[in-house]
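Engineer: Dumping the structure here so I can ask a few things about it.
The values are calculated or read from the model by the stated rules, or taken from the named source; none is laboratory data. All of these numbers come straight from a predicted model, not from anything done at the bench. Using ideal geometry, Cβ is built from the backbone for each residue, glycine included, and neighbour counts are taken over all protein chains shown. Just so you know, the surface numbers come from the protein's heavy atoms only, side chains and all, with ligands and any DNA or RNA stripped out. Shrake-Rupley method; radii C 1.70, N 1.55, O 1.52, S 1.80 Å.
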Amino acid sequence: MFKAVTYVRVSSREQQELGNSLSAQKRLLWDFARNNGYNVIKEFEEAETAKEAGRKEFNKMLAFVRQHGIKFILVEKTDRLHRNFRDYVTVEELIKECSVTVHLVKEGQSIGTDSKASDKLMHGLKTVMAKGFIDNLKEEVDKGIKEKLRLGEYPHQAPLGYLNAKDPITKKSIIIIDEKNKQLVEAIFNAYASRSE
């Protein structure tokens, strides 16, 4: 059997706690491993966005693969592995330097030293598309926030000491004082204000 590692990722802790994505990814990868003769010796799991380089578990996985001479990485699809160009290049270097093959199981594609130029091109395009998705999502979120502000609404999660609410007359999003935790927040501010320098 061939030694392999798996890498699964969701974009946030909330998705990790509330969703089924991680377990679905794991099941897909373990089924692939069993059906194709791979011995998964380590799993890497992450709840962090891939729009920026520097993910902790991603970097641990790359280091483990290098240190232990692992030749196969199993991942659900391109955007679970990376959504930024720096990580894309890092994986490309790992493939070249260590003869690693990355199996993108859901996409039915493998990227390794023997991959055809057309497969590498498609993988690169999927990375560009994943980055484009993130860039567009940021634009849409920013646009929504600006529109709420223009309409006089509060656009974010209420800070500590306040609660999100709807204005009973205008139905706009507002924040109100959290009466239940009001004294706690006041005590925190008073303690901070009275601390000695």
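Engineer: Could you compute the net charge surrounding Lys3? Neighbours are other residues with a C-beta less than 11 Å from the C-beta of Lys3; K and R count +1, D and E count -1.
Structural biologist: Here the count lands on +2.
Engineer: Here is a follow-up. Any idea of the accessible area per residue across the range 64-195, 1.4 Å probe, to the nearest Å²?
Structural biologist: Ligands and nucleic acids excluded, the result is 66 Å² per residue.
Engineer: Continuing with this model, one more query. Which trypsin sites (Lys or Arg not before Pro) in the range 162-197 pass both tests, a DSSP loop state and at most 16 other beta-carbon atoms within 10 Å?
Structural biologist: Lys171, Lys172, Lys180, Arg195
Engineer: Say R0 is 41 Å: what FRET efficiency, to the nearest 0.05, do Leu163 and Lys71 get from their beta-carbon distance?
Structural biologist: Working from the Cβ atoms, E equals 0.15.
Engineer: Quick one: with all protein chains in place, what share of the accessible area of the chain is carbon or sulfur, to the nearest percent (1.4 Å probe)?
Structural biologist: Of all accessible area on the chain, carbon and sulfur atoms account for 54 percent.
Engineer: Show me the three semi-axes of the equivalent ellipsoid for the chain, from the C-alpha gyration tensor (sqrt of 5 times each eigenvalue), largest first, rounded to whole Å.
Structural biologist: 44, 21, 16
Engineer: Let me ask something additional. Antiparallel as a % of all DSSP beta bridges within the range 72-196, to the nearest 5?
Structural biologist: Roughly 65 percent of the DSSP beta bridges within the range 72-196 come out antiparallel.
Engineer: Quick one: helix 182-193 against the long Cα principal axis of the chain, what's the angle to the nearest 10°, folded into 0 to 90?
Structural biologist: Its long axis makes an angle of about 80 degrees.
Engineer: What's the extension gain from Ala24 to Ile175 if we count 0.36 nm per residue and subtract their Cα-Cα distance?
Structural biologist: 50.6 nm
Engineer: What is the helix-to-structure angle for 56-68, meaning the angle in degrees between its Cα long axis and the longest Cα principal axis of the chain, kept from 0 to 90 and rounded to the nearest 10?
Structural biologist: That works out to roughly 20 degrees.
Engineer: Also, I was wondering about something else. Going down the list Lys56/Lys120; Lys51/Lys116; Lys3/Lys26, which pairs span over 21 Å between their C-alpha atoms?
Structural biologist: In this structure, Lys56/Lys120; Lys51/Lys116 lie more than 21 Å apart at Cα.
Engineer: Which of Gly124, Gly54, Gly161 moves the most in a Gaussian network model of the chain with Cα springs under 10 Å?
Structural biologist: Gly161
Engineer: Rounded to the nearest 500, what is the chain's calculated 222 nm mean residue ellipticity when only DSSP H runs of at least 4 contribute -39500 (n - 2.57) each, over all residues?
Structural biologist: -16000 deg cm²/dmol
Engineer: If you take the beta carbon distance between Glu140 and Asn39 as r and set R0 to 30 Å, what does 1/(1 + (r/R0)^6) give as a FRET efficiency, to the nearest 0.05?
Structural biologist: So the FRET efficiency works out to roughly 0.10.
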